[in-house]
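Each remark here refers to the structure printed beneath this line.
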Amino acid sequence: MKKILALFIAVCCIVPFMFGCGGGKRELRKVTLNEVTRSVFYAPLYAAAGLGYFEEEGIELTIITGGGSDKSMTALISGDADFALMGPETGVYVVNEGNRNHPMVVGQLTKRDGSFLIGREKTDGFSWEDLRGKSVIGGRPGGMPFMTLNYVLKQHGLIPGEDVEVISNVQFNLMAGAFEGGTGDYVTLFEPTATLFERAGSGFILANIGLESGEVPYTAFMTMPQTIRNDPELVRSFVRAVYRGQLFVEKASDREIAEAMKDFFPDTDVETLELVAKSYRETDSWMKTPIMTEDAFTRLQDIMASNGELAKRVAFKELIDNSFAEEAVKELGVK
C-alpha cells in the first residue's frame, strides 16, 4: 500500500511538469495582430517574431495585413484582432468621434514616414519643384502617407490641388499597380516595393518622404482599454517582445536583420531586404524604445491640422499609455 501511495504521489508531481504547469513549458497564448500593411519599415516587429521573442513571452502571434488603417482599426474594435499596428492618427479620429471606449496606443514602432517618392524617369538633380504641374498618387485622404506628402509639398512651396495634383482615389495596396498601369507622374511607395520597383525599371526613387517631413509617431501598436484593464500581463508581454525586437535591430547588422525577417517576405530575396534595412537604418526610421513622446504626438496633430483633418486636439494621455513601454525599458534597459 505504501509503495502504491508513493507511486501515486510521484506521478502527481511529474504530471504538472509534463503539461507545463509547475515550471515546465507553458502553453502559448494565441494573439492576433492586424498590421496596416506589410513593409520592411516594420522590421523590429518581424525580427521579434522571427527570432521567437513573442513565443518566449508566452505569445503565439498571428499577423494579418489589413491593407489600410481603417481596416486595421475596424478589426481591433470588432474584436477580430487583439492588437493593431497603424498610424496613431486613426486613434485621434476615433477619440474625436466621441467614443469613450476607444483603443489606446501602448507602444511606438516607427518615428518618421517610411515612404519614398517614385518617378517615371531617373533624375540626378531632383527638385520638389519638378512636381509643379504634375500628378502624384498619394494615398487616401486622412491617412498619414497622404497627409505627410501634403505637408512636405507645402514645406517646399507647393499647394496640393493647385500646384500639384495629389491623386487620392487609389487604395493603399493598389498604388504601385496603378502607377505601373500609367496613373500619375509620381507615386509614394513603401519598402520593399520601392526598391523592387526600381530594380524592375518600373520607376526610380527620387526622395525620402520621412527625411523631408521630420520625426513623427508614424506607426504604433494599439489595443482596447478592456484588454489593458482585464489582461495587463498580455499587454506587458506583447510590448516586451516588441522592445526586444527594437533592441535587436539597434545592434544587429543589416544582413542579420534581413535574415531575421525573411520569412515574412517570401517573394523578396535576402539581398534586397538587407539593402532596404540599411536604408531605413540610415534614415533613422525605427524607434529605439516603444515610448512615445508628447512632442512627437503634438507634431502628428500639427500635420493633421495642416491637412484640415483635425476636428480638435486630443490630450496626450487620453490616447497614449506609455506605462507598459516604460516598464519594459526599465526592466530590459536601453542597450
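Residues checked against (1) closer than 12 Å to Ala43 by Cα; (2) of a type in the set (A, V, I, L, M, F, W, C); (3) surrounded by fewer than 19 Cβ atoms within 10 Å (Cβ to Cβ); (4) touching a Cys at 6+ places or on another chain (Cβ under 9 Å):
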{"residue": "Val242", "(1), (2), (3), (4)": "yes, yes, no, no"}
{"residue": "Glu250", "(1), (2), (3), (4)": "yes, no, yes, no"}
{"residue": "Glu271", "(1), (2), (3), (4)": "no, no, yes, no"}
{"residue": "Val276", "(1), (2), (3), (4)": "yes, yes, no, no"}
{"residue": "Thr293", "(1), (2), (3), (4)": "no, no, yes, no"}
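Would you check which residues across region 292-329 are charged (D, E, K, R) and either in contact (Cβ under 8 Å) with a residue 40 or more places away in the chain or not assigned by TED's automatic domain parsing to the domain that holds Gln246 (or both) and list them?
Here is the first cut: in region 292-329, the residues charged (D, E, K, R) are 294-295, 299, 302, 309, 312-313, 317-318, 321, 326-327.
Once the filter is applied, which keeps residues that are charged (D, E, K, R) and either in contact (Cβ under 8 Å) with a residue 40 or more places away in the chain or not assigned by TED's automatic domain parsing to the domain that holds Gln246 (or both), region 292-329 yields Arg299, Glu309, Lys312, Glu318, Asp321, Glu327.
Yes or no, residue by residue, for (1) touching a strand residue (DSSP E or B) at 6+ places or on another chain (Cβ under 6 Å); (2) under 29 Å from Ser279 (Cα atoms); (3) surrounded by fewer than 24 Cβ atoms within 10 Å (Cβ to Cβ):
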position	(1), (2), (3)
Phe54	yes, yes, no
Lys71	no, yes, yes
Ala81	yes, no, no
Val95	no, no, yes
Asn99	no, no, yes
Gln108	yes, yes, no
Gly114	no, yes, no
Trp128	no, yes, yes
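Does Leu300 fit the bill of being outside any helix (DSSP H, G or I) and crowded, with 17+ Cβ neighbours inside 10 Å? No; evaluated as a whole, the condition is false for this residue.
When Gly184, Gly161, Gly201 are screened for being on the phi > 0 side of the Ramachandran plot and touching a strand residue (DSSP E or B) at 6+ places or on another chain (Cβ under 8 Å), only Gly184 passes.
Results for (1) assigned by TED's automatic domain parsing to the domain that holds Glu198; (2) closer than 18 Å to Leu211 by Cα; (3) buried (at least 16 other Cβ atoms within 10 Å of the Cβ), shown as yes or no for each residue.
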site	(1), (2), (3)
Arg140	yes, no, yes
Met147	yes, yes, yes
Leu158	yes, yes, yes
Val164	yes, no, yes
Gly177	yes, no, no
Gly182	yes, no, no
Asp185	yes, no, yes
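If you go through region 48-85 and keep only what is at pLDDT below 95 and either outside any helix (DSSP H, G or I) or not assigned by TED's automatic domain parsing to the domain that holds Met222 (or both), you end up with Gly66, Gly67, Gly68.
The values are calculated or read from the model by the stated rules, or taken from the named source; none is laboratory data. It should be emphasised that the depicted structure is a prediction, and the values quoted were computed from it without experimental measurement. Heads up, the Cβs are rebuilt from the backbone with ideal geometry, glycines too, and the neighbour counts pull from every protein chain shown.
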